[in-house]
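First comes the structure, then the notes that go with it.
The values are calculated or read from the model by the stated rules, or taken from the named source; none is laboratory data. Being a predicted model, the structure only gives us computed values, none of them experimental. Backbone-built Cβ (ideal geometry, glycine too); neighbour counts: all protein chains shown.
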Amino acid sequence: MSRKYVIAGNWKMNKTPAEAVELINQLKPLVAGASCDVITAVPFVDIPAVLEAVKGSNIKVGAQNCHWEKSGAFTGEVSAEMLKSLGVEYVIIGHSERRQYFGETDVTVNKRVRAALDAGLTVILCVGEYLEQREQGVTSEICAMQTKIALQGVSAEEMSRIIIAYEPVWAIGTGKTATAQQANEVCALIRSTIASLYNQEIADNTVIQYGGSMNAANAAELLAQSDVDGGLIGGASLKPADFAAIVAAAK
Ligand code: PGA
């Protein structure tokens, strides 16, 4: 098993380039001693400034989406190639806010995953159920289905560039965290889905994060679970001390 904790900040639509540089500069000394991988996924327009600001540090840079075509008539979109050419290493795909507000489907998630891998990026693939689906008892089915469709056409070798983030939609930005047991159960279910698609070794090596109101106070318990290999952090990633505390808990 070669899993290493990965803590990723999802800044969502926050911070101008100047504010982003300030946040990175505050964060750098706080996470310098991290024993996990540290990623910040920032708005497109912040990427050049953030890439410059993280130079010489252990902070890696991601985007929050990419289109599946290399170029063309897709107003407002950014391609995986464009991100790669800047020096971006990671991209979040299929975040529930993209699914909820921007018409993202399992099929377009799969296309974006393919394009990101083709461009040489590492994907943070988000899956997760709505509250209604949890109450209907279909959490496992929903998360397995989202995982399976997103990974169509992804080879065993490419799985080393896939991180999965289990984010129950009802826990995102709500302050309602899944219990450590709930988080672990679904992360384990996703791992067994990967084992069924590939094999146990690949499943054991895949990093599966939990996301949804993870914060400085609850991170240690969530990260102590056997199948939780990191976190995708929204709100708390905008507060350097809180994000650093989560990073410190990932060991
Ligand atoms: P949150 O967001 O930590 O603010 O709940 C997590 C996410 O949406 O990735």
Practice problem: Determine whether residue 246 is within 16 Å of the ligand (Cβ to nearest atom) and either within 21 Å of residue 11 (Cβ to Cβ) or among the acidic types (Asp, Glu) (or both). | Solution: yes
Exercise. Go through 35, 2 for me and flag whichever is hydroxyl-bearing (Ser, Thr, Tyr) and at pLDDT 95 or above.
Key: 35
Quiz item: If a residue has to be touching a Gly at 6+ places or on another chain (Cβ under 8 Å) and under 23 Å from residue 143 (Cα atoms) to count, how many in the stretch 81-105 make the cut?
Solution: 5
Practice problem: Please verify whether the stretch 166-175 includes one or more residues that are among the polar types (S, T, N, Q), surrounded by fewer than 23 Cβ atoms within 10 Å (Cβ to Cβ) and closer than 24 Å to residue 120 by Cβ. | Solution: no
Quiz item: Using beta carbons and a limit of 6 Å, which pairs, at least six apart or on different chains, have the first residue in the stretch 105-132 and at positive phi and the second one at pLDDT below 95 and more than 16 Å from the ligand (Cβ to nearest atom)?
Solution: none
Quiz item: Out of 217, 195, 241, which single residue is within 15 Å of the ligand (Cβ to nearest atom) and either surrounded by fewer than 18 Cβ atoms within 10 Å (Cβ to Cβ) or modelled with pLDDT under 95 (or both)?
Solution: 217
Quiz item: If you go through the stretch 92-104 one residue at a time, how many are polar (S, T, N, Q) and without any contact (Cβ under 8 Å) to a residue 40 or more places away in the chain?
Solution: 0
Exercise. Determine, yes or no, whether residue 58 is over 17 Å from the mean Cα position of the chain (by Cα) and either of a type outside the set (Lys, Arg) or under 22 Å from residue 206 (Cα atoms) (or both).
Key: yes
Quiz prompt | Residues located in the stretch 121-137, provided they are under 18 Å from the mean Cα position of the chain (by Cα) and either outside any loop (DSSP other than H, G, I, E, B) or basic (Lys, Arg) (or both) | solution = 122, 123, 124, 125, 126, 127
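Residue-by-condition table, conditions (1) more than 26 Å from residue 127 (Cβ to Cβ); (2) within 16 Å of the ligand (Cβ to nearest atom); (3) part of a loop (DSSP other than H, G, I, E, B):
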| site | (1), (2), (3) |
| --- | --- |
| 40 | no, yes, no |
| 47 | no, no, no |
| 51 | yes, no, no |
| 55 | yes, no, yes |
| 72 | yes, no, yes |
| 75 | yes, no, yes |
| 83 | no, no, no |
| 88 | no, no, yes |
